[in-house]
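The structure appears below as structure tokens.
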Amino acid sequence: MRRTKAFIPTTKEAPSDATLPSHIFLARAGFISQVAAGLYNYMPLAKRVIKKIENIINEEMTKVGAQEVELSFVTPADLWAESGRIEKFGKELLRFKDRKGNLFVLGPTHEEMMVDMVRNRITSYKNLPLNLYQIKTKFRDEARPRFGLMRGREFIMKDGYSFHANTQDLDREFDAMEAAYKKILTRLGLDFRVVEADSGAIGGSGSKELMVLADSGEDTIAVCSKCEYGANIEAASRSARGAIPEAPEAEFNKFLTPDTKTIDDLAEFFKVDPYYTVKCVAKRVVYEDESEIVLFFVRGCDNLQEVKAINATDALDIVDVTEEELAEIGLVPGFIGPLDQDKAKHVIDSDLKDAKDLICGANEKDYHFVGVDLGVISEVAYFADIAEVNEGDICPHCNGKLSFTKGIEVGHIFKLGTTYSEALKAEFLDENGKSQPFIMGTYGMGVSRLVAAVIEQHHDENGCIWTPATAPYMVNIMISNIKDEEQVAVGEKLYKELQDAGVEVMLDDRKERFGFKMKDAELIGFPYTVIIGKELVNGNVQIYTRNTKAKDAVAKDAVFEKVMELLS
RNA sequence: CGGGGUGUAGCUCAGUAUGGUUAGAGUACUUGGUUUGGGACCAAGGGGCCGAAGGUUCGAGUCCUUUCACCCCGACCA
């Protein structure tokens with residue numbers, strides 16, 4: 001492509017609302033343009049990158065036997081009613097009526113559609129397993145789209161669905177898909193981590209997220225320093241603490257503790273480590289048609305993990321409560337404890353099961369209990385893992401320490417089980433002629449989000465640094481001075497040679513100055529730029545490598561071979 | 001969905017408290033010239049329903065009402 005003919009509208013200034021590097025540089029370098037909130041046009045460079053990512057996904061999916069399909073973007077609302085998700089998704093579903101008044105939904109994901117296509121067509125265990133996928137635009141009317149391609153309302157996703165006769169086969173497929181996804185991200189040149197995820201609302205027996213590591217990621221993940229363990233903070237667990245601080249010595253007793261409403265006050269008052277205090281987090285737990293106040297107890301050194309708390313209570317949601325609401329049911333904020341108190345339901349963190357030497361609220365203003373042994377209620381109380389892991393906690397699989405890092409969720413693989421096949425009555429006959437619902441897996445990968453993720457992980461102050469597998473063009477030939485006939489001749493020759501060799505090459509033949517064209521090349525992020533400029537009087541050109549910023553002189557007659565060598 | 005902010009040239013923004021000739025700058029674009037190794041310089045140009053609708057006024061980018069859009073913080077996000 002000749003730069004003089006290419007539609008690549010680069011700008012010096014970033015859109016005023018862009019904050020993330022990927023958003024700023026993709027906009028400035030002429031990859032994307034915003035249309036409305038969460039809607040973007042992909043201009044030629046972005047389209048090329050997307051195609052490259054899609055090709056890699058297609059190749060790896062083909063290798064593991066998945067078949068590509070394409071389902072209608074517009075989906076009948078009836079299907080969503082059948083699965084019950086028209087309620088669950090709520091306003092995220094963009095609904096509209098056709099001329100006949102029938103209600104339709106723009107597909108935000110395609111479980112229903114895929115199950116509908118397969119049901120009554122695959123009816124025997126002999127035709128299982130089956131893995132179908134598509135790469136397609138999705139639409140979710142998010143309340144707050146942001147961060148450019150990272151979180152749009154319209155986005156491109158690869159979504160795959162597998163159908164199995166038994167759970168062992170689903171497990172096998174799940175592992176195969178994890179391996180394939182890892183291979184895709186490796187080929188794309190990304191630094192990533194597979195982490196355990198919360199399976200939450202959708203149910204199912206397990207899920208993993210593929211996280212591209214980047215500071216701007218919206219998810220916090222806990223990773224082990226020694227082994228492969230990694231988990232989303234919402235699902236991360238830890239093994240029992242190793243170095244336990246020295247226990248305070250005290251007989252069970254009630255103490256006057258005026259104005260010690262916080263854990264810090266309490267630990268200071270008794271001169272004990274917060275580990276031995278019991279923190280109460282009161283929340284309103286919301287169910288489908290009712291709600292109640294639940295008291296969550298964790299150690300003073302821990303914090304409540306809300307997703308875990310939701311799972312522990314089978315709630316739809318958890319919201320804050322005010323001191324007034326607590327006072328109404330006779331609770332005294334700052335002095336709430338799990339003993340001798342029946343005003344609200346309790347959930348106690350499993351780390352507190354049978355714990356001794358504790359200090360907790362006495363459910364009476366200005367009083368705490370000391371020397372508490374929770375063993376006395378271990379039979380009657382409800383214990384669950386509800387504490388958020390802390391940095392430095394011990395890995396649940398080895399003795400390594402957990403540390404936190406930020407990740408961009410680019411993939412999520414799920415063991416769905418029979419949630420959708422049951423709802424949609426999608427069944428097959430097993431070996432015994434018995435009707436069974438399909439056992440399903442679902443595998444998503446955000447294609448347009450990957451474009452952003454590459455840049456979040458690979459950029460510098462000057463712009464994009466595309467990895468070899470994602471670069472819209474591998475080589476940029478920059479003719480420094482377009483009025484210099486010799487430079488033009490050398491550039492045109494190399495351009496033709498590389499094109500003939502099948503290399504994706506851009507020829508910057510614009511009548512601009514050296515600095516302008518270099519800044520532009522760096523902003524766009526071509527892996528290599530061949531500079532044909534003032535070195536030519538010595539018979540040399542230079543190869544500029546984007547990620548190292550190195551400029552290496554090469555004899556003009558050797559440059560074609562040198563470039564081919566770099567690309568191989 | 002709660003709280004806050006912003007809409008003026010393709011882009012980034014002045015101008016709005018106190019209404020008053022023909023609405024500005026930078027950048028980008030066009031033309032000519034100079035320049036040619038890190039987003040050059042000079043000159044001349046083209047480009048605006050001041051988000052939309054209604055109102056107040058002799059007169060509205062500026063004041064009032066309504067509305068739409070976009071952004072930020074939070075909640076939400078299989």
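Miscellaneous remarks
- For A:Lys52, the criteria (1) within 11 Å of RNA strand B (Cβ to nearest atom); (2) in a helix (DSSP H, G or I); (3) touching a Leu at 6+ places or on another chain (Cβ under 9 Å) hold in every case but one, which is (1).
- Of residues in the stretch A:534-546 being under 44 Å from the mean Cα position of the chain (by Cα) and near RNA strand B (Cβ under 8 Å from one of its atoms), the one farthest from A:Glu13 (Cα to Cα): A:Val541
- Residue check, A:Lys182 touching a strand residue (DSSP E or B) at 6+ places or on another chain (Cβ under 8 Å) and open to solvent by 50 Å² or more (accessible area, probe 1.4 Å): yes
One line per residue, one yes/no per condition, for (1) within 12 Å of RNA strand B (Cβ to nearest atom); (2) open to solvent by less than 10 Å² (accessible area, probe 1.4 Å); (3) without any contact (Cβ under 8 Å) to a residue 12 or more places away in the chain; (4) within 30 Å of A:Glu173 (Cβ to Cβ):
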| residue | (1), (2), (3), (4) |
| --- | --- |
| A:Arg3 | yes, no, no, no |
| A:Ala18 | yes, no, no, no |
| A:His23 | yes, no, no, no |
| A:Leu39 | yes, no, no, no |
| A:Pro44 | no, no, no, no |
| A:Val69 | no, no, no, yes |
| A:Phe73 | no, no, no, yes |
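- Checking each residue in the stretch A:108-129 for being under 23 Å from A:Ile56 (Cβ atoms) and of a type in the set (A, V, I, L, M, F, W, C) picks out only A:Met114.
- With respect to being of a type outside the set (A, V, I, L, M) and farther than 25 Å from A:Asp141 by Cβ, A:Lys52 fits the description.
- Per-region count, the stretch A:501-537, residues among the aromatic types (Phe, Trp, Tyr), open to solvent by 10 Å² or more (accessible area, probe 1.4 Å) and within 24 Å of A:Val49 (Cβ to Cβ): 2
Residue-by-condition table, conditions (1) assigned by TED's automatic domain parsing to the domain that holds A:Glu228; (2) at pLDDT below 90; (3) under 20 Å from the mean Cα position of the chain (by Cα):
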residue	(1), (2), (3)
A:Gln436	yes, no, no
A:Thr470	no, no, yes
A:Ser480	no, no, no
A:Glu486	no, no, no
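- Of the residues contained in the stretch A:467-477, one or more are found to be within 13 Å of RNA strand B (Cβ to nearest atom) and closer than 20 Å to A:Leu507 by Cα.
- Once the stretch A:304-327 is narrowed to residues that are within 13 Å of RNA strand B (Cβ to nearest atom) and either open to solvent by 60 Å² or more (accessible area, probe 1.4 Å) or in contact with a helix residue (DSSP H, G or I) (Cβ under 6 Å, 6 or more places away or on another chain) (or both), the residue that is farthest from A:Glu234 (Cα to Cα) is A:Asp320.
- The residues listed here are A:Glu565, A:Glu504, A:Glu456; of these, the one that is more than 12 Å from RNA strand B (Cβ to nearest atom) and under 21 Å from A:Thr11 (Cα atoms) is A:Glu456.
- In this structure, A:Glu497 qualifies as open to solvent by 40 Å² or more (accessible area, probe 1.4 Å), among the charged types (D, E, K, R) and not in a strand (DSSP E or B).
- The residue list A:Lys283, A:Lys279, A:Lys261 contains one member that is modelled with pLDDT under 85, among the basic types (Lys, Arg), outside any helix (DSSP H, G or I) and within 15 Å of A:Gly334 (Cα to Cα), which is A:Lys261.
- Single condition A:Glu60 does not satisfy, out of (1) assigned to a loop (DSSP other than H, G, I, E, B); (2) away from RNA strand B (no atom under 13 Å from the Cβ); (3) among the acidic types (Asp, Glu): (1)
Let's see how each residue does on (1) part of a strand (DSSP E or B); (2) over 22 Å from A:Lys5 (Cβ atoms); (3) more than 6 Å from RNA strand B (Cβ to nearest atom):
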| site | (1), (2), (3) |
| --- | --- |
| A:Glu512 | no, no, yes |
| A:Lys519 | no, no, no |
| A:Thr548 | no, yes, yes |
| A:Asp557 | no, yes, yes |
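- The set of residues in the stretch A:340-361 being among the hydrophobic types (A, V, I, L, M, F, W, C) and in a strand (DSSP E or B) consists of A:Val347, A:Ile348, A:Leu358, A:Ile359, A:Cys360.
- So A:Phe104, is it without any contact (Cβ under 8 Å) to a residue 40 or more places away in the chain, over 30 Å from A:Thr19 (Cβ atoms), touching a Pro at 6+ places or on another chain (Cβ under 7 Å) and crowded, with 18+ Cβ neighbours inside 10 Å: yes
- The criterion of at least 3 residues that are more than 16 Å from RNA strand B (Cβ to nearest atom) is met by the following strands (runs of 3 or more DSSP E) wholly inside the stretch A:136-243: A:219-224.
- Qualifying residue in the stretch A:443-463 (condition: in contact (Cβ under 8 Å) with a residue 24 or more places away in the chain, part of a loop (DSSP other than H, G, I, E, B) and open to solvent by less than 20 Å² (accessible area, probe 1.4 Å)): no
- Every residue from the stretch A:46-99 that is in contact with a strand residue (DSSP E or B) (Cβ under 7 Å, 6 or more places away or on another chain) and among the charged types (D, E, K, R): A:Glu54, A:Glu68, A:Glu70, A:Arg95, A:Lys97, A:Asp98
The values are calculated or read from the model by the stated rules, or taken from the named source; none is laboratory data. As the structure is a computational prediction, the values presented were derived from the model and not from experiment. Because the Cβ atoms are built from the backbone with ideal geometry, glycine has one as well, and the counts that use them run over all protein chains shown. Areas reflect the complete protein model, heavy atoms only, side chains present, ligands, DNA and RNA absent. Shrake-Rupley method; radii C 1.70, N 1.55, O 1.52, S 1.80 Å.
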